[in-house]
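Since the structure comes first, as structure tokens, the remarks are kept for the end.
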Amino acid sequence: MFGELIPIGGGDPIPLLKNTLLIGRRETCDIVLRFANVSGNHCQLTVEGGYWFAQDLNSRNGVKVDGVKVMRKRLDPGCTFAIAKHKYEVRYIPAELGAVGPPPDEEDFEQVMGRSLLDSAGLSRRQANAPRRYDVNKDSPGQMKKKPLDD
């Protein structure tokens, strides 16, 4: 067993039996939650580096970790994990899942999603301080001038 989800407010614990789990309302999911506000394929849990991570699968009612709506987030032991309005305490021991040392750093998802893929990969064409070939103050609109890049 890789851990368990303990329903907050009562109920039977849900064992985490595999290192990748699909949670949703459909019978084909690894963890079936038969609630009207849970999407067919609501979210996916995966073990990465000895820690559980939750990934929302574009569900209608979302996923929250410690009360904050997320698209992808690490689930630390003891945190509150909500699927739609159904809350669970996450219980597991990272060392038993292969974790060595502190948890991996998480890059701010919103910061990454706010940039283009080329910028994120460091492949954007222009740097912010690169000289412009077209001077908006001197050149007339629609006019293309051949200027060297070093002016």
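Brief remarks on what is shown
- The residues of the stretch 17-45 that are of a type in the set (A, V, I, L, M, F, W, C), assigned to a loop (DSSP other than H, G, I, E, B) and touching a Leu at 6+ places or on another chain (Cβ under 7 Å) amount to a single one, C29.
- So V136, is it within 16 Å of the chain's Cα centre (by Cα), over 26 Å from G11 (Cβ atoms) and at pLDDT below 80: no
- Comparison of V65, V47, V38, V32 shows that the only residue that is in contact with a helix residue (DSSP H, G or I) (Cβ under 9 Å, 6 or more places away or on another chain) and open to solvent by less than 80 Å² (accessible area, probe 1.4 Å) is V47.
- Candidate set: the stretch 40-59, residues that are touching an Asp or Glu at 6+ places or on another chain (Cβ under 9 Å) and in contact (Cβ under 8 Å) with a residue 40 or more places away in the chain; chosen: the one nearest to G98 (Cα to Cα): G50
- Filter pass, G114 being exposed (fewer than 14 other Cβ atoms within 10 Å of the Cβ) and modelled with pLDDT of 60 or more: no
- Search result, residues across the stretch 74-84 that are out of contact with any Lys or Arg (no Cβ under 9 Å at 6 or more places or on another chain) and open to solvent by 20 Å² or more (accessible area, probe 1.4 Å): R74, D76
- Flag for E27 being out of contact with any Pro (no Cβ under 7 Å at 6 or more places or on another chain) and modelled with pLDDT of 95 or more: yes
The values are calculated or read from the model by the stated rules, or taken from the named source; none is laboratory data. Predicted, not measured: the structure shown is a model, and the values here were computed from it. Note: ideal-geometry Cβ built from the backbone for every residue, glycine included; neighbour counts use all protein chains shown. For the accessible areas, the whole protein counts, side chains as well, though only heavy atoms, and no ligand, DNA or RNA atoms are used. Shrake-Rupley method; radii C 1.70, N 1.55, O 1.52, S 1.80 Å.
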